[in-house]
Amino acid sequence: MFQNNNSKSINLKVKSLLQNINITNGGLHKIAVHTIEGLEFLNKEDIVRLEAKGSYTYFHLSNKSIIVASRNIKEYEEILSEEIFLRVHNSHVVNLNYIKKYHKGRGGYVILEDGKNIEVATRRKDDFLSRFD
């Protein structure tokens, strides 16, 4: 009986992992996003930024649509490529390809191509700036 429960637990973990693995199909890179309705598969290059609101994550896309995920931002931060996505603030992960401008300051802030200003946390500033050296 112990092994059966353990096997179920492992199967659930594997299933969850497979749902969150980046899917590569013919050069198309996607991420599985858990929504209230089920899974939505997004092209990573269409994601402008992720915004944390409590235990939900809001995906802001290049077509101005927003997908609400029922998982926290940390889970998606771990899945997304570090070369393209960077956590600049406790509540924001941005796609570096959509940064239009950086304003200096204590931590500073970035202006994205969609016009949104996102604060860069003071403790994340050096990591952010090192990406562009």
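Consider F59 carefully, then state whether it is surrounded by fewer than 13 Cβ atoms within 10 Å (Cβ to Cβ) and touching a strand residue (DSSP E or B) at 6+ places or on another chain (Cβ under 6 Å).
Taking the combined requirement at face value, the residue does not satisfy it.
Report whether or not V68 is touching a residue at least 12 places away in the same chain (Cβ under 8 Å) and open to solvent by less than 30 Å² (accessible area, probe 1.4 Å).
No, not satisfied.
Residues in the range 88-115 that are open to solvent by 50 Å² or more (accessible area, probe 1.4 Å), in contact (Cβ under 8 Å) with a residue 40 or more places away in the chain and touching a strand residue (DSSP E or B) at 6+ places or on another chain (Cβ under 7 Å): how many?
Total meeting the criteria: 2.
Out of the residues in the range 60-96 meeting the condition of being of a type in the set (K, R) and assigned to a loop (DSSP other than H, G, I, E, B), tell me which one is nearest to D126 (Cα to Cα).
R71
Only one of these conditions is not met by Y76: (1) of a type outside the set (V, I, T); (2) open to solvent by 60 Å² or more (accessible area, probe 1.4 Å); (3) in contact (Cβ under 8 Å) with a residue 12 or more places away in the chain. Which number is it?
(2)
The values are calculated or read from the model by the stated rules, or taken from the named source; none is laboratory data. All of these numbers come straight from a predicted model, not from anything done at the bench. So basically every Cβ, Gly included, is an ideal-geometry build from the backbone, and we count neighbours across all protein chains shown. Note: accessible area is taken over every heavy atom of the protein model, side chains too, but ligands, DNA and RNA are not part of it. Shrake-Rupley method; radii C 1.70, N 1.55, O 1.52, S 1.80 Å.
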